[in-house]
Amino acid sequence: MKSLRLLLGLATVLAGCLAQAAQPATGGVTGRVQNLVAGKFLNNARVSVPGTDVVAFTDQYGTYRLANLPAGPVTLEVFYTGLDPQRATVTVGAGRTTTQDFDLSSTARFGTGDVIKLDAFTWPPPGRPTTTPSRSTSSALRPTSRRSSPPIPSAT
């Protein structure tokens, strides 16, 4: 009888260990989604794992959380209307939560963010004289109202 109890106890422990080992290790991902140009966090951006039914939407602070993801590399895709979708691959640790933030923009509206270098600004433009007006022409540049204003009446 004693050996039967010992055998049943050992079988129970072994079954529990096997059940736990059979469950896949999972983890989670959390982060924030921001509009890079406006500098504001996005509400209702869709964060998903392509090829699965795992989807989360950001809250009013741009925060999302995906739970029960398989441990290992996971690809995330973020979509927000009017901005370019973005993908990132993160490594999810078993029993851990990984952070992955996204900064979205629109290449069509805002460009790629590359620096554009302009030519040097020169004055005067090529072909224009660099001399200042002479004294005879400087009087022509004065306002005409000064030369032809009516006389000021005397207060006496």
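The values are calculated or read from the model by the stated rules, or taken from the named source; none is laboratory data. Here the structure is a predicted model, which means the values were calculated and not measured. FYI the Cβ positions are ideal-geometry reconstructions off the backbone, even for glycines, and counts take in every protein chain you see.
Can you pull out every residue in the range 97-141 that is assigned to a loop (DSSP other than H, G, I, E, B), at pLDDT below 70 and either of a type in the set (S, T, N, Q) or loosely packed, with under 10 Cβ neighbours inside 10 Å (or both)?
Thr112, Gly113, Asp114, Val115, Ile116, Lys117, Leu118, Thr130, Thr131, Thr132, Ser134
If you go through the range 63-77 one residue at a time, do you hit one that is at negative phi, among the polar types (S, T, N, Q), touching a residue at least 12 places away in the same chain (Cβ under 8 Å) and part of a loop (DSSP other than H, G, I, E, B)?
no
Tell me whether the range 75-86 contains one or more residues that are of a type in the set (Gly, Ala, Ser) and touching a strand residue (DSSP E or B) at 6+ places or on another chain (Cβ under 7 Å). Steps first, please.
Going through the range 75-86, the residues of a type in the set (Gly, Ala, Ser) turn out to be 82.
Next, only the ones that are touching a strand residue (DSSP E or B) at 6+ places or on another chain (Cβ under 7 Å) stay: none.
Checked against the condition, which is being of a type in the set (Gly, Ala, Ser) and touching a strand residue (DSSP E or B) at 6+ places or on another chain (Cβ under 7 Å), the range 75-86 yields no hits at all.
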